[in-house]
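The values are calculated or read from the model by the stated rules, or taken from the named source; none is laboratory data. No experiment lies behind these values; they were computed from the predicted model shown. Cβ placement follows ideal geometry from the backbone for every residue including glycine, while neighbour counts extend to all protein chains displayed. To get the accessible areas, we keep the full protein, side chains included, count just its heavy atoms, and leave off ligands, DNA and RNA. Shrake-Rupley method; radii C 1.70, N 1.55, O 1.52, S 1.80 Å.
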Amino acid sequence: MKKIILNKKPIICLTSYSKFFAEIADEYCDIVLVGDSLGMVYYGDPSTRSVSLNEMIRHGKSVRSGVSKAIMVVDMPYGTYKNPLSAKKNALRIIKETKCDAVKLEGGKEIIHIIKHLIKNKINVMGHIGLLPQKVRSKKDYRIKGKTLSEKNQIINDLKRIQESGVFAIVLEAVKYQTAKEVMKYAKIPIIGIGASDECDGQILVLEDMLGMFKKVPKFVKKYSNLRGYIKKAVKQYSKDIRNKKFPTKKNIYN
Ligand code: KIV
């Protein structure tokens, strides 16, 4: 696997779970992430923990067919990197089947030995610290990190250890501004923030969140569209047209 070197700033990233969204993201982003947020966003599950390796691979393949320029990263789902050997086996399967450029693992110092094993085997790895969605069982348990001194120290410690292990970038999720600022003082590799302020080297959001697909989104999301509203309007009009015999018209019929 070719080693990834990211030396541009700001680094622009979005998630994607399918070809058609990926094609659009690919035009404007440096990194397209097939996130395991897939479980919550696409399948409507209460957490990301339900996502399987097969599901990540299925969606990864779809995204691959839409990404030609950006770095494509696939999340290793919950339970697939319990030890170095299983992590390597599962990461290689993800890479072989999706042809992604890197995998992402959530966690701090407790997964250093796993990350090191992957990197030793020439697998590109992206880290993920701060709030770790795979540790959260339901939406109500999502809580900002880095509010206390001990949490802040833990995040800084995780950053130092993870970056030493050779990851090419780290996602820093949902941390207090002061903590993010402090973390950035120790960063030697690109830090991609999600709810971690503009101090970071880049930003990532879940595509559906920023498109306005959901009524409720975290404070760190900026809605750039009102997709939910547009879809609702279109579906309403469609149902009205069928009821009023306005669809299909002659234009939509095979003669
Ligand atoms: O799963 C995901 O979409 C992620 C991003 C939120 C960073 O990990």
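Of the residues that make up region 25-41, is at least one open to solvent by 50 Å² or more (accessible area, probe 1.4 Å), within 16 Å of the ligand (Cβ to nearest atom) and assigned by TED's automatic domain parsing to the domain that holds Pro133?
If we filter region 25-41 for residues that are open to solvent by 50 Å² or more (accessible area, probe 1.4 Å), which is where we start, we get 27-28.
If we keep only those that are within 16 Å of the ligand (Cβ to nearest atom) too, we end up with none.
Looking through region 25-41, none of the residues is open to solvent by 50 Å² or more (accessible area, probe 1.4 Å), within 16 Å of the ligand (Cβ to nearest atom) and assigned by TED's automatic domain parsing to the domain that holds Pro133.
Within region 212-229, take every residue that is among the small types (Gly, Ala, Ser) and open to solvent by less than 30 Å² (accessible area, probe 1.4 Å) and give me the one that is nearest to the ligand (Cβ to nearest atom).
My answer is Gly212.
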Boolean, Lys88 is basic (Lys, Arg), under 23 Å from Gln163 (Cβ atoms) and not assigned by TED's automatic domain parsing to the domain that holds Asp141: no
Please specify each residue of region 113-126 satisfying the condition of being open to solvent by less than 10 Å² (accessible area, probe 1.4 Å) and either in a helix (DSSP H, G or I) or within 11 Å of the ligand (Cβ to nearest atom) (or both). Ile114, Ile115, Leu118, Met126
Would you confirm, using the coordinates I've provided, whether Lys145 is assigned by TED's automatic domain parsing to the domain that holds Lys82 and touching an Asp or Glu at 6+ places or on another chain (Cβ under 9 Å)? yes
What tally of residues in region 102-112 results from selecting those that are within 16 Å of the ligand (Cβ to nearest atom) and not aliphatic (A, V, I, L, M)? 4
Which condition from (1) crowded, with 17+ Cβ neighbours inside 10 Å; (2) within 16 Å of the ligand (Cβ to nearest atom); (3) within 18 Å of the chain's Cα centre (by Cα) is the one that Ile95 breaks? (2)
Report every pair of residues separated by at least 6 positions or lying on different chains whose Cβ atoms are under 6 Å apart, first residue within region 15-34 and within 11 Å of Ala70 (Cβ to Cβ), second of a type outside the set (D, E, K, R) and part of a helix (DSSP H, G or I). Ser16/Ala22; Ser16/Ala25; Ser16/Val63; Ser16/Leu207; Ala22/Val63; Val32/Ala22; Val32/Ala25
The one condition Lys222 fails out of (1) in a loop (DSSP other than H, G, I, E, B); (2) closer than 30 Å to Lys122 by Cβ; (3) of a type in the set (Lys, Arg) is (2)
